[in-house]
Structure formats: C-alpha cells, structure tokens
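What follows is a single structure, and I will ask about it in a moment.
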2 protein chains.
Amino acid sequence: MNSKDAVICLAALANDQRLAIFRLLVKAGPSGLSAGEIAEAVGATPTGGSFHLKELDRAGLIHATRVGRYIRYAVHFEKMRQLLSFLTEDCCQGQPELCGSTIRKARRLCKGEAK
Amino acid sequence: MNSKDAVICLAALANDQRLAIFRLLVKAGPSGLSAGEIAEAVGATPTGGSFHLKELDRAGLIHATRVGRYIRYAVHFEKMRQLLSFLTEDCCQGQPELCGSTIRKARRLCKGEAK
DNA sequence: TACACAATACGACAATTATTGAAATGTGCA
DNA sequence: TGCACATTTCAATAATTGTCGTATTGTGTA
C-alpha cells in the first residue's frame with residue numbers, strides 16, 4: 001500500500017452510498033452479496049449501484065465473482081487491513097510499542113478471509 | 001460517528017497532500033506540528049497547506065491550537081479511532097468474537113492521547 | 001433460437017473540489 | 001507605534017466526480 005493506492009481507497013469510501021455498500025459487505029463477510037441485493041439494500045438504482053461497485057472494485061476494496069447470471073461482490077479484507085495499517089503507521093512515535101502491537105492485531109481483523 | 005461524519009472524514013483523507021499531512025501528524029503524536037512545518041514537509045504552498053488543514057479540521061480529524069504566532073495542529077486520535085471502528089463495524093458476522101475484540105483493541109491505538 | 005433477467009457501459013449535464021495569487025488578520029518584538 | 005512573520009481569507013479558474021436515462025452485454029431457460 002502506497003499513498004496513491006490509499007487515496008484511491010479513501011476516495012472510493014468517501015461517498016454515502018459507497019460507504020453503505022462497503023459496510024454492508026463488511027458485515028456480509030467473505031461470501032458477499034449480489035449486485036442487485038446490494039443496490040436494493042442501499043437504495044441505489046441498478047446503474048448507480050453498478051457505478052459505485054465499480055469504483056470500490058477499482059480501488060481494490062472489493063472484488064467481483066460471477067455466479068450464474070448474478071455477480072457477487074465481497075470485501076477484499078486484506079486490502080482493508082492494509083489501508084487501516086497505512087493510516088496508523090508509526091502512530092505516536094512516543095509509544096511505538098503500543099501502536100506497533102495494536103497495528104499487528106488490526107491486521108488480523110476478520111480472520112474469516114484467508115490469505 | 002455516523003455515516004455522514006465518516007464520509008466527511010474519508011473525503012478529507014482522500015487527497016494526496018491531506019493524507020500526507022494526516023500521516024505526518026499521526027507520526028508526530030499529540031504535540032503536533034505548526035502549519036508552516038506541515039506545509040513545508042508535504043511540499044504545499046502556505047495557502048494550499050492552510051486549505052487542506054482546514055479540511056482536516058472541519059472533518060474533526062485534527063485540531064488547531066495557537067501557540068504564540070504559530071498554530072499547531074495535532075491529530076484528534078479519538079476521532080481517528082471512531083472512524084476505524086466505524087469502517088470495521090460488525091465485521092464478518094461469522095466471527096463476531098474475533099472482530100469485536102479486535103475493534104476494542106483498535107480503540108486503544110496511541111494511548112498517548114488522553115480521552 | 002428466442003425471451004427474460006442481471007448487470008454494465010455510454011454520453012450529457014450538474015455539482016463539488018483543488019489550485020493559484022493577492023490581500024487581510026493576528027501576534028511578537030524592537 | 002510600526003515592522004516582520006505566520007497563517008488565513010477571498011475570488012476566479014480548472015479539474016474531478018456524481019447522477020440520470022438509454023442502450024448494450026452476458027447468462028439461464030423454455
């Protein structure tokens with residue numbers, strides 16, 4: 001994760017509907033949800049939902065898998081962990097032991113996602 | 001922290017220079033840095049630096065304190081923790097024990113900042 | 001093959017955000 | 001008081017982003 005990546009991720013999350021989508025998928029876990037379910041849940045039109053999913057996908061925060069005629073989206077948890085770590089990197093030089101260990105723990109968020 | 005707040009925070013971070021500023025201040029810790037030091041460190045003009053600092057301040061991610069003729073900015077760590085928690089809320093319903101406890105630990109990031 | 005449905009792609013318009021330079025505000029010090 | 005410095009404010013312009021409707025692609029099923 002570099003600064004450019006992080007900005008893309010943050011911009012992807014910095015939108016009402018996309019944030020709702022992301023949080024919905026965080027809750028849904030590794031199995032994800034279909035584009036239609038997602039759009040309906042956050043009150044987006046199919047076109048709008050697709051646009052926002054594409055943005056999140058482009059940022060690498062979610063990934064798509066076609067299943068029959070549905071496309072399921074799920075959070076890319078490793079990327080999420082990388083983003084959180086990037087934001088808190090070297091937090092408070094004064095207490096490096098504390099911040100360092102907390103970041104390592106943050107990396108283990110949602111062990112349900114392999115890799 | 002609600003969705004609207006979070007979007008404002010994320011939009012504030014979704015910019016190259018502002019992200020650099022934020023990470024610089026995360027490293028600097030509770031004592032922060034002056035506007036001039038910050039602008040110089042990230043290669044911003046005084047005007048540009050001021051604009052970006054204002055955005056981060058408006059989002060509540062940093063706060064300003066006048067010290068003589070300098071203005072020092074420091075991260076509002078509690079807000080940062082709230083944002084990270086909001087993003088990972090109810091992470092992976094499948095393993096609530098894991099995500100829940102990890103989030104509690106994330107709240108303790110950088111104990112150097114009281115409350 | 002032909003139809004129905006899930007989802008995306010495209011083009012146009014509206015709205016928001018970033019950048020720049022010049023001017024103004026506030027503070028410390030001689 | 002008056003000067004020097006740190007920082008912000010303002011106004012204008014350029015660039016990016018969101019939204020909407022229509023058309024298109026891809027898949028499953030009769």
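The values are calculated or read from the model by the stated rules, or taken from the named source; none is laboratory data. Every value quoted in this text rests on a predicted model; they were computed, and no experiment measured them. Cβ sites come from the backbone with ideal geometry, for glycine too, and all protein chains shown count toward neighbours.
Of all the residues that make up the range B:61-89, how many are basic (Lys, Arg), under 14 Å from residue B:26 (Cα atoms) and not in a strand (DSSP E or B)?
Number of matching residues: 2.
Among the numbered criteria (1) in a helix (DSSP H, G or I); (2) more than 8 Å from chain B (Cβ to nearest Cβ), which single criterion is violated by residue A:4?
Only one criterion in (1) in a helix (DSSP H, G or I); (2) more than 8 Å from chain B (Cβ to nearest Cβ) is unmet by residue A:4, namely (2).
This table checks each residue for (1) at pLDDT below 90; (2) of a type outside the set (S, T, N, Q).
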| position | (1), (2) |
| --- | --- |
| B:42 | no, yes |
| B:47 | no, no |
| B:72 | no, yes |
| B:88 | yes, no |
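From the residues in the range A:54-82 that are of a type in the set (A, V, I, L, M) and surrounded by fewer than 22 Cβ atoms within 10 Å (Cβ to Cβ), which one is nearest to residue A:17 (Cα to Cα)?
A:74
Residue A:59 passes all but one of (1) away from DNA strand D (no atom under 16 Å from the Cβ); (2) at pLDDT 95 or above; (3) among the hydrophobic types (A, V, I, L, M, F, W, C); which number fails?
(1)
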